[in-house]
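**Student:** Below is the structure I would like to discuss, written out as structure tokens.
The values are calculated or read from the model by the stated rules, or taken from the named source; none is laboratory data. Just so we're clear, the structure is a prediction, and the values are computed from it rather than from any experiment. Cβ placement follows ideal geometry from the backbone for every residue including glycine, while neighbour counts extend to all protein chains displayed. For accessibility, only protein heavy atoms count, side chains too; no ligands or nucleic acids. Shrake-Rupley method; radii C 1.70, N 1.55, O 1.52, S 1.80 Å.
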Amino acid sequence: RYRGFSEEESELTVVNNVQFYENFNILDFIRDVGINFRMSTMLGKESVSSRLNSPEGMTFTEFTYQIFQGYDFLRLRQDYNCIMQLGGSDQWGNITSGCDLIRKATGEEAYGVTIPLLTTAAGEKFGKSAGNALWLEK
């Protein structure tokens, strides 16, 4: 059960982003959404440049994630009036991509907030990519 700040504010909407893409052809997505993203901006994100300069590098999938997360935020803004995205500090570049896309596509503002990542005692991050994700259950 989820609660807001008061008994009256206990509504929470959980959205599966597959609904944003299930009828979206990849070529249409690149044409309609990709046009709003500039390579120089994407490559200039601190998270991208640090990964590109690391021994592991960065996959194409990881690089394009900022476009998909940005589009998710746009759809949440349009469909659910979501104006703020909250994420771990490693998501800052993706969140700002969404804020930029919302401004370009709608002329409206959107906001992002990040919080420090949870880490193990050894300073390693918790998460799916690290193989040690924490899951909240009812």
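**Student:** Any residue in segment 122-135 that is within 13 Å of GLY88 (Cα to Cα) sitting within a Cβ distance under 6 Å of a residue that is not in a loop (DSSP other than H, G, I, E, B)? List the pairs, counting only those 6 or more apart or interchain.
**Tutor:** Here the result reads LYS125/THR119, each pair linking segment 122-135 to a residue that is not in a loop (DSSP other than H, G, I, E, B).
**Student:** When the residues of segment 86-96 are narrowed to those that are more than 8 Å from the chain's Cα centre (by Cα) and open to solvent by less than 50 Å² (accessible area, probe 1.4 Å), which ends up nearest to ASP72 (Cα to Cα)?
**Tutor:** THR96
**Student:** Take the residues of segment 112-132 that are within 17 Å of the chain's Cα centre (by Cα) and surrounded by fewer than 12 Cβ atoms within 10 Å (Cβ to Cβ): which is nearest to ASP72 (Cα to Cα)?
**Tutor:** By that ranking, first place goes to VAL113.
**Student:** So GLY4 passes all but one of these: (1) small (Gly, Ala, Ser); (2) over 28 Å from GLU124 (Cα atoms); (3) modelled with pLDDT of 95 or more. Which condition number does it fail?
**Tutor:** Among (1) small (Gly, Ala, Ser); (2) over 28 Å from GLU124 (Cα atoms); (3) modelled with pLDDT of 95 or more, GLY4 violates only (3).
**Student:** Would you check which residues across segment 32-49 are polar (S, T, N, Q) and under 18 Å from the mean Cα position of the chain (by Cα) and list them?
**Tutor:** First, the residues of segment 32-49 that are polar (S, T, N, Q): 36, 40-41, 47, 49.
Listed by number, the residues that qualify are ASN36, THR41, SER47, SER49.
**Student:** Let me ask something else. Across segment 12-35, what is the total count of residues that are surrounded by 10 or more Cβ atoms within 10 Å (Cβ to Cβ), touching a residue at least 12 places away in the same chain (Cβ under 8 Å) and not in a helix (DSSP H, G or I)?
**Tutor:** Adding up the residues that qualify gives 3.
**Student:** Kindly state which helices (runs of 4 or more DSSP H) lie completely within segment 45-138 and contain at least 2 residues that are modelled with pLDDT of 95 or more.
**Tutor:** Working: elements: 46-52, 60-80, 92-106.
Result: 60-80, 92-106.
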